[in-house]
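Student: Got a structure here, written out as structure tokens. Questions coming.
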Amino acid sequence: MPKRALLIYALCGLVIIGGVVLLLATRHLERFESFVLDQFFRRRASLPSHPAIVCINIDEESLQAVGRLPWPRKYYAQMAQGLEEWGTYAAVFDLHFGQPSAPEDDETLRRAFQESSRVYLPVYLELQKRGKVWVHSLPAFEQHATGLGHINVTPDADGILRRVTPFLHYRDEGYPQLAVRVACDYLGMPWPTLTSAPPWPLDREGNLLVNWAGKWYGTFPHYSYVELLRSFQAAREGRQPTVAPEELRGKICLIGLTAMGMVDIKATPIEPTHPGTGIQASILNSILTNRFVKPASFRTNALCVIGMGVLTLLLVMPFRGMRSVIAWLIYAALWIQTAFLLFRIHGVWVSVVHPLLAMSALLFCSALVSQAIEHRERLRFFRLASRDGLTGLYTIRHARAMLLDAMQEARKARASLAVLLIDVDNFKSINDTHGHQVGDAVLKQVAEVIQTSTRMRRGSDPSESDFAARYGGEEFLVLLRHAYAKEAAMVGERIRHAVEQARVAFEERTLQVTISIGAGVFSPEDPTPDAMIRRADEALYQAKAEGKNRVCVFRSTPAPPAEH
């Protein structure tokens, strides 16, 4: 690749890389980046769940056994009492308890909460007609709870839930996320507040990306709500329970509604239906196992774009055509695999789409530059093959092909055509007297005058233009389209006069040059251009014989059609 083309390609590449970095800052392609993250989740093996997490589901079996919601609150009291008796770490309720029930049931629930070691209750921020308000599931019982946590989750624009807010504050109230609060208490660390951020990796908005361990039902241990109530009763009566107390001792029990059609289902990157209990379990598992999705910073992603862009500049540039596409595919596959390995092994989420966009744009730029270079080389080779090296006019070989095309067009259109043969007068004497360098200068001067004169007749359509060629030695040939004898004579006289007025400068002196011109007109019976050229040559011979520096037209040329 020529140095100038390399410089242009390098400058264009830097502009492209800079543009993609700016696009990265605008986050217009974040949805595509999130889609890639979803694919990484699906192709990554399931993560092990923390042994302290269990899910207690209010499923279809429980609803059939107890009845449709809302339940009397004594059933929640029975769950809290049974879990406390079996030595669980905490009872985490991720559900709404409904309206107050019978006073004796409410008193039973209050007493159960008072006697429980750890009970967590949910709150959520809801948009109502009067604005946003905090909704408490059991406001009269919260004083007996260990802690409160918000359960607000907002899917991304594509409807996929990927992140949660560790701490949510509105007006005078603020709460950590429910699973975050439980995990912090379990680990003995302070939970996040309005003024203190958690020590985990967050995205640009301060949200926690959920590290989905796997499909929720297959990842965590699950127990039916009604099955546990029956096991508690069986243990109190001295019978063998279905669920052994050892299975729940020291566990964090997430209690929530999972019956299909009765729960707010969210779509996650790994499955289209994910209940709230599964969301809490995944968040809790991520914190307890210290395995997070670590979104790369803007600086890191920008460096990835720059690095892959520069690498593409260096590696794709030497290739052309299909080889450059194959090279790009290899680099792109390697980058995707590298990003996936970073995610799978270290949980690092780096930008994939933006580096690929930069690489694609650079490949396209490389293709454009290659095409421009090839086009320029073709033009250069064509010029070398079709142009005379000294005068810049067409070579006679190329001119004959153009003459044949012009004759065929004129024959089809029944148009006129003429040629001029031009010879420099006394050229041998000029060479002998002043040297070949002066002779070359004379030929260049005459060619320039001829070219200027033919350009005066040239239109926007190349098929309507005249052209000039070096016929050999000091002779030139000019094709005149739509010209009869009269027009050919006028153009020839204009060229002759212009050459006579011009001066060739050499060694602080000037030399006046004259030319002789012969004109021949096309006849429809001419099989080849040779007949027309022969007529022009006879006219040129006549101009020489009559004293040179003049224009002669072949006498037998047809006259233009009479005007009506």
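Student: Suppose we filter segment 98-109 for residues that are within 59 Å of the chain's Cα centre (by Cα) and surrounded by fewer than 19 Cβ atoms within 10 Å (Cβ to Cβ); how many remain?
Tutor: So the first thing to find is which residues in segment 98-109 are within 59 Å of the chain's Cα centre (by Cα), and the list is 98-101, 109.
Cutting the leftovers down to surrounded by fewer than 19 Cβ atoms within 10 Å (Cβ to Cβ) gives us 98-101.
Counting residues in segment 98-109 that are within 59 Å of the chain's Cα centre (by Cα) and surrounded by fewer than 19 Cβ atoms within 10 Å (Cβ to Cβ) gives 4.
Student: A further question on this structure: Counting residues that are acidic (Asp, Glu) and closer than 18 Å to Trp191 by Cβ, which strands (runs of 3 or more DSSP E) fully inside segment 87-178 reach at least 1?
Tutor: 90-94, 173-176
Student: Filter segment 247-267 for residues that are at pLDDT below 95 and either over 18 Å from Asn57 (Cα atoms) or not assigned by TED's automatic domain parsing to the domain that holds Ala65 (or both) and give the result.
Tutor: Ala267, the sole residue that qualifies.
Student: Right, something else. For Arg110, state whether it is of a type in the set (Lys, Arg) and under 21 Å from Trp200 (Cβ atoms).
Tutor: Against the criterion (of a type in the set (Lys, Arg) and under 21 Å from Trp200 (Cβ atoms)), Arg110 does not qualify.
Student: Could you say whether any residue in segment 119-137 is more than 23 Å from Ile279 (Cβ to Cβ) and either buried (at least 19 other Cβ atoms within 10 Å of the Cβ) or over 52 Å from the mean Cα position of the chain (by Cα) (or both)?
Tutor: No: segment 119-137 contains no residue that is more than 23 Å from Ile279 (Cβ to Cβ) and either buried (at least 19 other Cβ atoms within 10 Å of the Cβ) or over 52 Å from the mean Cα position of the chain (by Cα) (or both).
Student: Against the condition surrounded by fewer than 22 Cβ atoms within 10 Å (Cβ to Cβ) and either modelled with pLDDT under 95 or in the same structural domain as Gln233 (by TED's automatic domain parsing) (or both), how does Tyr76 come out, does it pass? Give the derivation first.
Tutor: Working: surrounded by fewer than 22 Cβ atoms within 10 Å (Cβ to Cβ): no; either modelled with pLDDT under 95 or in the same structural domain as Gln233 (by TED's automatic domain parsing) (or both): yes.
No: the conditions fail for Tyr76.
Student: Quick check, is Gly439 within 23 Å of Tyr541 (Cα to Cα), assigned by TED's automatic domain parsing to the domain that holds Arg534, in contact (Cβ under 8 Å) with a residue 12 or more places away in the chain and loosely packed, with under 14 Cβ neighbours inside 10 Å?
Tutor: No, not satisfied.
Student: Among the residues of segment 138-185, which ones are loosely packed, with under 14 Cβ neighbours inside 10 Å and under 21 Å from Gln99 (Cα atoms)?
Tutor: Pro139, Ala140, Gln143, listed by residue number.
Student: Quick one: Ile151 ticks every box in (1) in contact (Cβ under 8 Å) with a residue 12 or more places away in the chain; (2) farther than 19 Å from Thr277 by Cα; (3) of a type in the set (A, V, I, L, M, F, W, C) bar one, so which box is it?
Tutor: (2)
Student: How do the pairs read when you match residues in segment 287-305 that are of a type in the set (S, T, N, Q) with residues anywhere that are in a helix (DSSP H, G or I), using Cβ under 7 Å and keeping only pairs 6 or more apart or on different chains?
Tutor: Matching pairs, first to second residue: Asn301/Leu24; Asn301/His354.
Student: Would a scan of segment 201-215 turn up a residue that is touching a helix residue (DSSP H, G or I) at 6+ places or on another chain (Cβ under 9 Å) and in a helix (DSSP H, G or I)?
Tutor: no
The values are calculated or read from the model by the stated rules, or taken from the named source; none is laboratory data. Predicted, not measured: the structure shown is a model, and the values here were computed from it. Positions of Cβ are generated from backbone atoms using ideal geometry, with glycine treated the same way; all protein chains shown enter the neighbour counts.
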